[in-house]
Structures are given as C-alpha cells and as structure tokens.
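Step one of this worksheet: look at the structure below.
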Amino acid sequence: MPETEKRLVKHFTKPEPGEYVPIAFIEITTETVAWSPKLNKSVYITPGMVDTGELKRMRKVYVLKVLNQLSGSVSTIELNDEEKNQFEGVYKEFLEKGGQILFGRRKAGRKTVSFFELSGAKDRKKQFEVKGTLLSEKLEGD
C-alpha cells in the first residue's frame, strides 16, 4: 500500500487537504485532553488519573468514532465545537437525503481544520469503492 494511502487508514485518520475519507458514524463522546511534557504527547484524562498536575493545556474535545470505509476498521477523529456543529449539520442532511459522508481537512490560516461533506449519487468525483462489511463484525473484536 502506498504511503499516502496508509495515512488514510490509520486509527487517527489525517487526510491531506484535497483528500477525502468515506466514513460511517458510530458514536460521539466528550473527552478532556491535555499535553503531557513527560510523555511528549497528548493524553486523555480519566477520573482515576493521579499525575494531572504535570499536564498542560487541558481542553475539551469531541471524539468522533467512525467506521473508516477505506480500511474497514474503526477510526477516531477529534473535533472542536465548531467542527462538531458542522458534522451534526452534515449528519442531519445524510439522514434526510442519504449518500456518503466524507471526512477531509483543510488549511485555515496556520491551523488545519476538519470538515465533512455529503456526497450524493450525482457527485461522481468523490465516490469511493468501499468494502462491504457489517459494523457488528467490526465491533465484535472490541
């Protein structure tokens, strides 16, 4: 698999601007995330965590759990308030009209923001071949 495709099928999917990943919604939860200088990465804060004094930049994020239809596995997307609201609008439209939800990212100043689009049957440029699998089969291993 080419390197560009590997980036699209990871657990934390991060498509480049102009790339899209077809997804199926599973659930959305609210989590608290902070930067750990000791581990040099972001960590989710759990109720029983003892070293929260060393953590920096605590923030609330929405964790969107989706079925990545390119890989057939479950992926996670972290969203802020604005991105969550945009997803909810696209998901509502999806429930009314059908189609395929596409996840992408684009530059907004110095930041890269997540966005979602609905691809209908008439929108051929963004159609993807996806593997036919049942969601229940994917969740049995969890």
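Just a few scattered comments:
- The residues of the range 75-98 that are without any contact (Cβ under 8 Å) to a residue 24 or more places away in the chain and small (Gly, Ala, Ser), listed by number, are Gly89, Gly98.
- Residue check, Leu67 under 19 Å from Gly104 (Cβ atoms) and either touching a strand residue (DSSP E or B) at 6+ places or on another chain (Cβ under 8 Å) or of a type in the set (Phe, Trp, Tyr) (or both): yes
- Residue match in the range 1-19 (condition: at pLDDT 85 or above, hydroxyl-bearing (Ser, Thr, Tyr) and surrounded by 15 or more Cβ atoms within 10 Å (Cβ to Cβ)): no
- One residue from Lys97, Lys107 being within 19 Å of the chain's Cα centre (by Cα) and modelled with pLDDT under 90: Lys107
- Looking only at the range 57-114, and only at residues there that are more than 22 Å from Val43 (Cβ to Cβ) and of a type in the set (Lys, Arg), the one that is surrounded by the most Cβ atoms within 10 Å (Cβ to Cβ): Arg105
The values are calculated or read from the model by the stated rules, or taken from the named source; none is laboratory data. None of the values given here were measured: they were computed from a predicted structure. FYI the Cβ positions are ideal-geometry reconstructions off the backbone, even for glycines, and counts take in every protein chain you see.
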